[in-house]
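Notes for the one structure printed next.
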Amino acid sequence: MKNNKIRYKRVLLKISGEALLGNKSHGIDEKIVTFISNEIKKVYLKKIQISLVIGGGNIFRGSDAVSVGIERTTADYMGMLGTVINALAVQNALEKISVPTRVLSSIPVPAVCESYIRRRAINHLEKKRVIIFAAGTGNPYFTTDTAAALRASEISSNVILKATKVDGVYSDDPEKNKKAKKYRTIKYSDILAKNLKIMDGSAIALARDNKIPIIVFPINKKNAFLNAILNKGNYTLIK
């Protein structure tokens, strides 16, 4: 079938830390991690090279720490370490289902993962390993959205897939405004001009400048990750 044609050889999946919460208020829901890992395996079996960036909001949010008096730079580094915890959890779940995986951290943590080196990451991908980029960019003041766009640019990903709770980009929060308009496709410039909060401005601009399309799709729907890659299902394409 035409829709089953693989359009992308190398993809980067961006998942928020909150996506790992499930019904919990804090931490990691093992069932959610297992579900996401199985969705990743479906794409992996299509011989697509996969990398991931996972946020850390379920473990620690730098903005919350600042509000209680922790200095911003320190808070951001604490948040980066939270992403390492999430990366290890997803790595464990993937390897349980026989998907070879490597965690590459922007902050050296040699006891538990490798340090990020661009050529090393590409080498792992070419050896059919799923890569999980941890610790953001390794610098404070940058979000994991920006880290995703940066890593996608560095390793020449064909597309960024932004996993969310909703099935694409809307003119307003669809959970609060039932009349919000969904966009099937939308330009990077319109995302910035309309101040749509699907990703931060730096990430959108970086993807635009490197001509990397962004697909926004629902992470909680079965087969949604694979379907977005196959040009099926519900999603929004930013280009």
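The values are calculated or read from the model by the stated rules, or taken from the named source; none is laboratory data. Since this is a predicted model, take the numbers as computed values, not measurements. Don't worry about glycine lacking a Cβ; one is built from the backbone with ideal geometry, like all the others, and counts go over all protein chains shown. For the accessible areas, the whole protein counts, side chains as well, though only heavy atoms, and no ligand, DNA or RNA atoms are used. Shrake-Rupley method; radii C 1.70, N 1.55, O 1.52, S 1.80 Å.
The table below lists the values:
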item: Subset of the stretch 206-231 (residues that are open to solvent by 70 Å² or more (accessible area, probe 1.4 Å) and either within 14 Å of the chain's Cα centre (by Cα) or over 17 Å from LEU12 (Cβ atoms) (or both)); result: ASN220, LYS221, LYS222
item: Long-range neighbours under 6 Å by Cβ, at least six apart or interchain, first residue in a loop (DSSP other than H, G, I, E, B) within the stretch 95-109, second surrounded by 19 or more Cβ atoms within 10 Å (Cβ to Cβ) and of a type in the set (Phe, Trp, Tyr); result: VAL99/TYR44; SER106/TYR116
item: Lone unmet requirement of (1) surrounded by fewer than 19 Cβ atoms within 10 Å (Cβ to Cβ); (2) among the polar types (S, T, N, Q); (3) in contact with a Lys or Arg (Cβ under 8 Å, 6 or more places away or on another chain) for SER157; result: (1)
item: Residue in the stretch 193-210 that is charged (D, E, K, R) and more than 26 Å from GLY79 (Cβ to Cβ) present; result: yes
item: Residues of the stretch 39-81 classified as open to solvent by 10 Å² or more (accessible area, probe 1.4 Å), touching a residue at least 12 places away in the same chain (Cβ under 8 Å) and β-branched (Val, Ile, Thr), total; result: 2
item: Candidates LYS197, LYS179, filtered to the one that is surrounded by fewer than 21 Cβ atoms within 10 Å (Cβ to Cβ), farther than 23 Å from ALA224 by Cβ, free of Cβ contacts under 8 Å to residues at least 60 places away in the same chain and out of contact with any His (no Cβ under 6 Å at 6 or more places or on another chain); result: LYS179
item: Residue check, ASP167 open to solvent by 20 Å² or more (accessible area, probe 1.4 Å), charged (D, E, K, R), outside any loop (DSSP other than H, G, I, E, B) and out of contact with any Lys or Arg (no Cβ under 6 Å at 6 or more places or on another chain); result: no
item: Every residue from the stretch 64-76 that is part of a helix (DSSP H, G or I) and either small (Gly, Ala, Ser) or at pLDDT 95 or above (or both); result: ALA65, SER67, ALA75
item: Any hit, the stretch 123-142, residues being in contact with a strand residue (DSSP E or B) (Cβ under 7 Å, 6 or more places away or on another chain), acidic (Asp, Glu) and assigned to a helix (DSSP H, G or I); result: no
